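Down below is the structure, laid out as structure tokens.
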Amino acid sequence: MIKTIAGTKDTLPFEISKWQYFENFVEEVMSRFNYKEIRTPVFEETSLFARGIGESTDIVSKEMYTFLDRSQTSITLRPEMTASVMRSVLEHSLDKQQQLNKLYYISSMFRQERPQAGRLRQFNQFGAEAIGLEDPLLDAEMIIIAYDILKGLGLNSLEVKINSLGVPSSRENYKKLLRMYLDDKKGGLSEESKKRLDSNILRIFDSKIESDQKIMENAPLLLEHLDDGSLEKFETVKSYLLKAGVPFEIDPRLVRGLDYYTHTTFEIISRNVGSQSALCGGGRYDLLASEIGDRLIPAVGFAAGMERILLACENENCLVIPEDEVGVYIVRLNNDLYNETYNFALQLRRNSVKAELDYSRKSVKAQMREANKINARKTILFGGDEYTNNEIVIKDMKSGVQEKIGLSDIEKIISIIED
Ligand code: HAM
């Protein structure tokens, strides 16, 4: 028996209506904010992610599905969409056609992480990217959209955490301070954090190890060492969020795992999904375009993990979808009408009716059981004396009321089914 690879999942028919509802809801909210969908290839040149996300990040150094294809080109299955979306904007000069491109996606991503609840190797994200302007209103809009979607799904245990990483110059000065602070404490750091001292010192704040966290408790904070311009932008983002009624807290230790961020970063956490609690993350990335392309394009965005959100919904008992229904089940009374029954169902289906019938010559009783099982609102009894008189019987499954109608009066039949 060949089975799915660890960290990947089938979405089975009984789960699909949740996904469809979720995806439709995301599309609807995105369209209210006038974001347009973008689709990019599942794989890209490895250098796009290495340069875009940063060589020293966990994603690039440990988690990417990278391989040489038959022409010896290094290919990577996308671990996230932001670099791909920016590549696409640059490649097609979308930024030259309009100043602001508001884009969204719902797509699968690939990261070779250790699988656990809420952490997969192929997972789905929805996300948005507003590419072209520096206005902090767009930073706030990203948080508002993400928050509105999660709230709209019925989630309540949400915490919005925001921070600012400023610009590279103030960050570099701050990193020197942090290095000085850690200089006489590095012996107490974990091996992982010791490595980060040189490669990605800010990420030491992300360590889950208690001894690291203790050391970082008294570390100087980047937010306290931002330049005035960055602080002003951060204040503006906060004021927009307040006006929009999005509750948030400032988390000066929120550094995020991707290198491309400048200014605003944020995450939305659920208190209801266990250790993989980040439902959504994002921020501003004004320098990404110049890392992977030939020009500067300011941008801000976010992405949200759909499997994690569905887990949170399960735990909070939201996103309960009504059971699937079928408009009509056609019960064949005589097996010699096999073809005629099928053609009648086909006629209804071609007239937009969701119709089902038996494909295996079951007994009338078994067909009735099947009609109940699939939640048919009506049944049509097809055959017997009525058929000889060119009629059928429509039965309402709830009230039990039956009605006889001419076989050729399709309009009337449809209106009763849809009643
Ligand atoms: P990220 O924080 O790496 O950001 O991922 C965003 C969300 O994807 C996470 O908060 C989490 O819900 C979900 N996620 C990440 N890894 C996994 C996994 N292995 N299994 C299940 N869910 C996962 C980004 O991807 C950035 N591109 C966000 C962004 C867009 N920043 C600016 N624009």
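The values are calculated or read from the model by the stated rules, or taken from the named source; none is laboratory data. Since this is a predicted model, take the numbers as computed values, not measurements. Cβ placement follows ideal geometry from the backbone for every residue including glycine, while neighbour counts extend to all protein chains displayed.
Numerical summary
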item	result
Enumeration of residues in region 1-21 that are small (Gly, Ala, Ser), exposed (fewer than 15 other Cβ atoms within 10 Å of the Cβ) and not assigned by TED's automatic domain parsing to the domain that holds residue 64	6
Residues of region 7-37 that turn out to be of a type in the set (Val, Ile, Thr) and within 14 Å of the chain's Cα centre (by Cα), as a count	2
Residue within region 82-90 that is small (Gly, Ala, Ser) and farther than 21 Å from residue 134 by Cβ present	yes
Test: residue in region 307-321 that is of a type outside the set (A, V, I, L, M, F, W, C), buried (at least 17 other Cβ atoms within 10 Å of the Cβ) and within 23 Å of residue 141 (Cβ to Cβ)	yes
Per-region count, region 153-178, residues crowded, with 17+ Cβ neighbours inside 10 Å and either in contact with a Cys (Cβ under 6 Å, 6 or more places away or on another chain) or assigned to a loop (DSSP other than H, G, I, E, B) (or both)	5
Single condition residue 225 does not satisfy, out of (1) within 14 Å of the ligand (Cβ to nearest atom); (2) within 16 Å of residue 168 (Cα to Cα); (3) out of contact with any Gly (no Cβ under 6 Å at 6 or more places or on another chain)	(1)
Residues of region 30-61 satisfying the condition of being small (Gly, Ala, Ser) and on the phi > 0 side of the Ramachandran plot	54
Qualifying residue in region 261-276 (condition: away from the ligand (no atom under 16 Å from the Cβ), in a loop (DSSP other than H, G, I, E, B) and among the aliphatic types (A, V, I, L, M))	no
Wholly enclosed strands (runs of 3 or more DSSP E) of region 368-419 bearing at least 1 residues modelled with pLDDT of 95 or more and farther than 30 Å from residue 14 by Cβ	391-396, 402-406
Enumeration of residues in region 395-419 that are free of Cβ contacts under 8 Å to residues at least 40 places away in the same chain and hydrophobic (A, V, I, L, M, F, W, C)	397, 401, 405, 416
Scope region 207-224; condition surrounded by 18 or more Cβ atoms within 10 Å (Cβ to Cβ) and either within 14 Å of residue 252 (Cβ to Cβ) or assigned by TED's automatic domain parsing to the domain that holds residue 59 (or both); matching residues	216, 222, 223
Region 73-131 - residue that is among the β-branched types (Val, Ile, Thr) and within 20 Å of residue 36 (Cα to Cα) and, of those, farthest from the chain's Cα centre (by Cα)	89
Selection within region 210-246 - in a helix (DSSP H, G or I) and aliphatic (A, V, I, L, M)	215, 216, 222, 223, 231, 237, 241, 242, 244
Residue match in region 46-58 (condition: touching a strand residue (DSSP E or B) at 6+ places or on another chain (Cβ under 6 Å), more than 14 Å from the ligand (Cβ to nearest atom), of a type in the set (Val, Ile, Thr) and modelled with pLDDT of 95 or more)	yes
Hits in region 22-46 (condition: loosely packed, with under 12 Cβ neighbours inside 10 Å and part of a helix (DSSP H, G or I))	24, 28, 32
Region 361-419, subset over 23 Å from residue 351 (Cα atoms) and among the basic types (Lys, Arg), residue surrounded by the most Cβ atoms within 10 Å (Cβ to Cβ)	362
From 117, 146, 128, residue being within 23 Å of residue 20 (Cα to Cα), within 16 Å of the ligand (Cβ to nearest atom) and modelled with pLDDT under 95	117
Test: residue in region 184-191 that is among the charged types (D, E, K, R), modelled with pLDDT under 90 and in a helix (DSSP H, G or I)	yes
Residue list for region 60-86, restricted to those being within 13 Å of the ligand (Cβ to nearest atom), outside any loop (DSSP other than H, G, I, E, B), in contact with a helix residue (DSSP H, G or I) (Cβ under 9 Å, 6 or more places away or on another chain) and of a type outside the set (A, V, I, L, M, F, W, C)	82, 84
